[in-house]
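Everything on this sheet refers to the single structure shown next.
The values are calculated or read from the model by the stated rules, or taken from the named source; none is laboratory data. Because the structure is predicted, anything quoted here is derived from the model rather than measured. Heads up, the Cβs are rebuilt from the backbone with ideal geometry, glycines too, and the neighbour counts pull from every protein chain shown. Keep in mind that these areas ignore ligands, DNA and RNA; they rest on the heavy atoms of the full protein, side chains included. Shrake-Rupley method; radii C 1.70, N 1.55, O 1.52, S 1.80 Å.
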Amino acid sequence: MSMIEPVEDTHGFPFTEGATKFEIIPTDAADPSSATFVVHDEDHTLGNSLRFMVMKNPAVSFCGYSIPHPSEFKIHMRIQTDGSITAAQALNQGLDDLVALSEHVLATFEAKVAAKGDYETRDI
Amino acid sequence: MNIDHHSGLSFTEAGGPQIAIKEVTPTTVTFVLSNTDLSVANALRRVMIAEVPTIAIDLVDFELNTTVLADEFIAHRLGLIPIISHQAVHLNYRHECTCSPYCEECSVLFSLDVSCQSENAMSVYSTHLVSSSPAVQPYVDPANEKGVLIAKLRKGQQLHVKAIARKGTGKEHAKWAPCTGVAFEYDPHNKLRHTTYWHEEDARKEWPLSAKAVEEPAPRDDEPFDYKAKPERFYFTVESTGALPPTTIVTQALDVLMRKLAEVHRVLGGIAEAQGEPVVQPTYNL
Ligand SMILES: [Zn+2]
């Protein structure tokens with residue numbers, strides 16, 4: 001059996017192993033409190049929830065994200081802090097917090113599913 | 001760069017997001033996610049649709065097709081058949097595998113060999129597909145035990161097909177989406193005015209109430225608009241195609257979301273370390 005794979009330009013999808021996942025564009029090399037972070041192979045799923053988490057940090061004065069072009073699979077995330085922490089610290093903490101939050105939601109969901117009898121079930 | 005700074009949030013039973021499960025059926029789960037932000041609820045919705053991996057037929061070789069249907073038409077129909085995907089976590093994606101064109105680490109082989117001998121038309125169903133792996137079979141709805149109709153054959157017509165099923169996600173092609181849909185609603189009384197109801201004279205007379213309206217108190221007529229209010233209760237119903245149980249779709253989606261974030265976190269930590277900074281241990285353990 002000879003199967004021929006269709007060859008097409010996938011515009012960088014799926015993400016290839018070894019490609020750049022993450023870049024930092026400093027706004028001002030002397031000022032670490034503001035930077036733009038580029039995350040490849042990510043979209044609104046990560047961008048919007050991470051923006052929310054970073055903005056929860058009281059030391060962050062601005063955080064916004066954009067998808068600079070619809071056919072490039074990447075997001076830009078701009079962070080500006082009040083100077084008490086660096087932009088990278090704010091991102092690092094936002095990522096850590098959002099994983100912890102997801103972990104909490106997962107553990108809660110699993111516990112609630114295990115508590116049969118607390119919810120209705122139907123066979124069809 | 002210096003990323004060694006930490007005052008992480010902690011999520012307790014009372015302080016973090018809450019979940020209340022309302023109903024579980026073989027193909028659906030209904031739950032309320034509360035005390036969290038719209039962006040988090042939406043991330044969960046998006047991952048459930050587009051990034052939970054399943055198995056679907058991806059490459060089809062037609063050895064013989066004398067039916068009235070074109071090869072690509074049947075190939076498309078085969079791709080859309082839900083396949084039980086518990087094994088997806090153990091399979092490689094195509095781009096992760098070095099094989100050519102396929103191997104059992106990344107693919108499951110299906111064959112379909114049917115011919116019509118009778119005077120009456122013969123229907124070919126997904127249950128006619130023969131899988132190379134006992135654990136990977138087409139999903140069959142108990143109410144429709146023949147499975148999905150693929151084609152109809154007249155006397156003398158034949159269909160001989162080899163199909164390769166692969167692991168994939170809904171963001172590449174909708175055939176890999178594990179759910180037919182995710183019902184997602186918040187603010188059933190539209191107190192936040194995130195939507196505008198088109199109306200002729202009175203929107204409240206012309207529009208039915210949402211099914212979730214009983215879950216939240218209706219606004220009083222004299223209630224002022226709270227422009228600072230934010231949505232915090234999100235009503236989900238996840239309906240599975242049959243590829244994965246509905247509760248598994250939710251748990252796998254959260255796992256996928258965590259791993260995406262942890263990957264970016266790891267790369268950021270790696271850059272910091274390359275710049276000679278101390279290694280910061282994450283507070284979570286994946
Ligand atoms: Zn392979």
Over segment A:59-76, the set of residues modelled with pLDDT of 95 or more and at the interface with chain B (Cβ under 10 Å from one of its Cβ atoms) is A:Ala59
Tell me, yes or no, whether segment B:196-205 has at least one residue that is more than 16 Å from the ligand (Cβ to nearest atom), open to solvent by less than 20 Å² (accessible area, probe 1.4 Å) and either more than 14 Å from chain A (Cβ to nearest Cβ) or touching a helix residue (DSSP H, G or I) at 6+ places or on another chain (Cβ under 8 Å) (or both).
-> no
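Which of the strands (runs of 3 or more DSSP E) found entirely inside segment B:46-152 contain at least 3 residues meeting this: within 15 Å of the ligand (Cβ to nearest atom)? Can you show your working first?
Values: elements: B:54-65, B:107-115, B:122-125.
Per the criteria, B:54-65, B:107-115.
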Answer residue from segment B:153-164, given it is part of a strand (DSSP E or B) and open to solvent by less than 60 Å² (accessible area, probe 1.4 Å) and is farthest from B:Val89 (Cα to Cα) among those = B:Leu153
Taking interchain pairs and intrachain pairs at least six residues apart, which have beta carbon atoms under 9 angstrom, with the first residue in segment B:31-46 and more than 7 Å from every other protein chain (Cβ to nearest Cβ) and the second open to solvent by 10 Å² or more (accessible area, probe 1.4 Å) and among the hydroxyl-bearing types (Ser, Thr, Tyr)?
-> B:Phe31/A:Tyr119; B:Phe31/B:Thr237; B:Leu38/B:Tyr186; B:Ala41/B:Tyr186
Candidates B:Ala272, B:Ala243 - the one that is open to solvent by less than 10 Å² (accessible area, probe 1.4 Å) and at the interface with chain A (Cβ under 9 Å from one of its Cβ atoms) = B:Ala272
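Okay, residues lined up against (1) modelled with pLDDT of 95 or more; (2) under 17 Å from B:Tyr139 (Cβ atoms); (3) more than 14 Å from every other protein chain (Cβ to nearest Cβ):
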residue: B:Thr12; (1), (2), (3): no, no, no
residue: B:Ile19; (1), (2), (3): yes, no, no
residue: B:Met48; (1), (2), (3): yes, no, no
residue: B:Glu63; (1), (2), (3): yes, no, no
residue: B:His76; (1), (2), (3): yes, no, no
residue: B:Pro82; (1), (2), (3): yes, yes, yes
residue: B:Ser107; (1), (2), (3): yes, no, no
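Does segment A:34-45 contain at least one residue that is in a helix (DSSP H, G or I) and either open to solvent by less than 30 Å² (accessible area, probe 1.4 Å) or modelled with pLDDT under 80 (or both)?
Scanning segment A:34-45, I find at least one residue that is in a helix (DSSP H, G or I) and either open to solvent by less than 30 Å² (accessible area, probe 1.4 Å) or modelled with pLDDT under 80 (or both), so the answer is yes.
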Determine if segment B:24-38 includes at least one residue that is among the acidic types (Asp, Glu) and assigned to a strand (DSSP E or B).
-> no
Checked pairs for segment B:89-102, first facing chain A (nearest Cβ under 8 Å), second near the ligand (Cβ under 8 Å from one of its atoms), C-beta under 9 Å and 6 or more apart or across chains, list as B:Tyr93/B:Cys106; B:Glu96/B:Glu105; B:Glu96/B:Cys106; B:Pro101/B:Ser107; B:Tyr102/B:Arg94
Six or more apart or on different chains, Cβ under 9 Å: which pairs go from a residue in segment B:221-248 that's on the phi > 0 side of the Ramachandran plot to one that's among the acidic types (Asp, Glu) and open to solvent by 40 Å² or more (accessible area, probe 1.4 Å)? Could you list them?
-> B:Gly242/B:Asp141
Flag if B:Thr98 is open to solvent by 60 Å² or more (accessible area, probe 1.4 Å) and in the same structural domain as B:Ser131 (by TED's automatic domain parsing) = yes
Counting only residues that are part of a helix (DSSP H, G or I), free of Cβ contacts under 8 Å to residues at least 12 places away in the same chain and either open to solvent by less than 60 Å² (accessible area, probe 1.4 Å) or more than 7 Å from chain B (Cβ to nearest Cβ) (or both), how many does segment A:93-124 have?
-> 14
Of those in segment B:179-217 that are in a loop (DSSP other than H, G, I, E, B) and of a type in the set (Ser, Thr, Tyr), the residue nearest to the chain's Cα centre (by Cα) is B:Ser210
